[in-house]
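Written out below as structure tokens is the structure these notes cover.
The values are calculated or read from the model by the stated rules, or taken from the named source; none is laboratory data. Every value quoted in this text rests on a predicted model; they were computed, and no experiment measured them. Glycine also receives a Cβ, built like all others from the backbone with ideal geometry; neighbour counts cover every protein chain displayed. Note: areas computed on protein heavy atoms with side chains; ligands, DNA, RNA excluded. Shrake-Rupley method; radii C 1.70, N 1.55, O 1.52, S 1.80 Å.
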Amino acid sequence: MQLHRREPDGFRTQLSALPADLAQLTPLLRRLVLRDNLLPSTGPVGGLTRLTHLDLYQNELRAAGELAGLASLAFLDLSFNGLRDLQVLGLDA
């Protein structure tokens, strides 16, 4: 069974920042979906070392270097952002 949060018509919440202590608050988190927000950076997400699924589709990201240490990631979506260079992540094309 999947649960979906439904927002009232005409109302949409978009995050523009994440708590600096995100990794301390959720150290065991494995899946994080932050799509369709206004996040300018990945910041504290880089501290979530157990993540296997990270969805940052359609934000306002300009850099993603903080994600370089997430060795457990099996899924990463950075599409529809302002990213120009992913070499800092150490990904092979």
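Of note:
- For segment 9-24, the tally of residues that are assigned to a helix (DSSP H, G or I) and surrounded by 12 or more Cβ atoms within 10 Å (Cβ to Cβ) stands at 2.
- Unique residue being among the basic types (Lys, Arg), open to solvent by 50 Å² or more (accessible area, probe 1.4 Å) and farther than 28 Å from residue 12 by Cβ when the list is 84, 35, 50, 62: 50
- Test result for residue 11, among the aromatic types (Phe, Trp, Tyr) and at pLDDT below 90: yes
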